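A short write-up of the structure that comes next.
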Amino acid sequence: MKRGLIPAISILAILCLGPAVVSGHALVIDYRIDSICVEAYYGGVEPVPVQYADVEVFHPDGRLYKEGKTDKDGMFRFDPKFEKEWLVVVESTGHRDEQTINMTATGGIGTQGGGESPLYFRVIAGLGYLFGILGISLWYKSYKQARQPKDE
């Protein structure tokens, strides 16, 4: 086998196996305000609801306001009363995420919590790193060849 073919096969194997190694799920919290409806799901290619996860809601001063469990669809609702900010913590089977819901900063409209980047962003970033490494190695190889004396 030629010497230059081995690195190319190695890089091809890494590219093929790379997306399979990327984490397929992460605990994500999303909410909207009617009362406050918290939606917990495992992120990934297809979001999966976090069923019957433990939920704790805290006042801004850290006191526990309410606790309960998500339903079979990963939903949990509570009435915000008069407070302007809430800390929601969801835990299930080793996964944990927390989200601060600030009703004044969002104008009463919820936004998605940012625990992790979506899967496709991480895959594209990983491929970018691999192509960058490949480009640097090919540049270095051509640099070495250009510096060698030419025998005619």
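The values are calculated or read from the model by the stated rules, or taken from the named source; none is laboratory data. All of these numbers come straight from a predicted model, not from anything done at the bench. Reconstructed Cβ throughout: ideal geometry from the backbone, glycine too, with neighbour counts over all protein chains shown.
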Please specify each residue of region 43-85 satisfying the condition of being of a type outside the set (Gly, Ala, Ser), in a loop (DSSP other than H, G, I, E, B), free of Cβ contacts under 8 Å to residues at least 40 places away in the same chain and in contact with a Leu (Cβ under 9 Å, 6 or more places away or on another chain). 59, 60
Let me spell it out: the conditions are (1) outside any loop (DSSP other than H, G, I, E, B); (2) modelled with pLDDT of 65 or more, and residue 20 meets all of them except one. Which number is the exception? (2)
Kindly indicate whether any position in region 99-113 is modelled with pLDDT of 85 or more, loosely packed, with under 13 Cβ neighbours inside 10 Å and out of contact with any helix residue (DSSP H, G or I) (no Cβ under 7 Å at 6 or more places or on another chain). yes
Can we say residue 90 is at pLDDT 90 or above and either within 17 Å of the chain's Cα centre (by Cα) or within 30 Å of residue 140 (Cα to Cα) (or both)? yes
Among the residues of region 32-86, what is the count of those that are in contact with a helix residue (DSSP H, G or I) (Cβ under 8 Å, 6 or more places away or on another chain) and not β-branched (Val, Ile, Thr)? 2
Kindly indicate the residue of region 123-152 that is under 22 Å from the mean Cα position of the chain (by Cα) and among the aliphatic types (A, V, I, L, M) and also modelled with the lowest pLDDT among those meeting that condition. 123
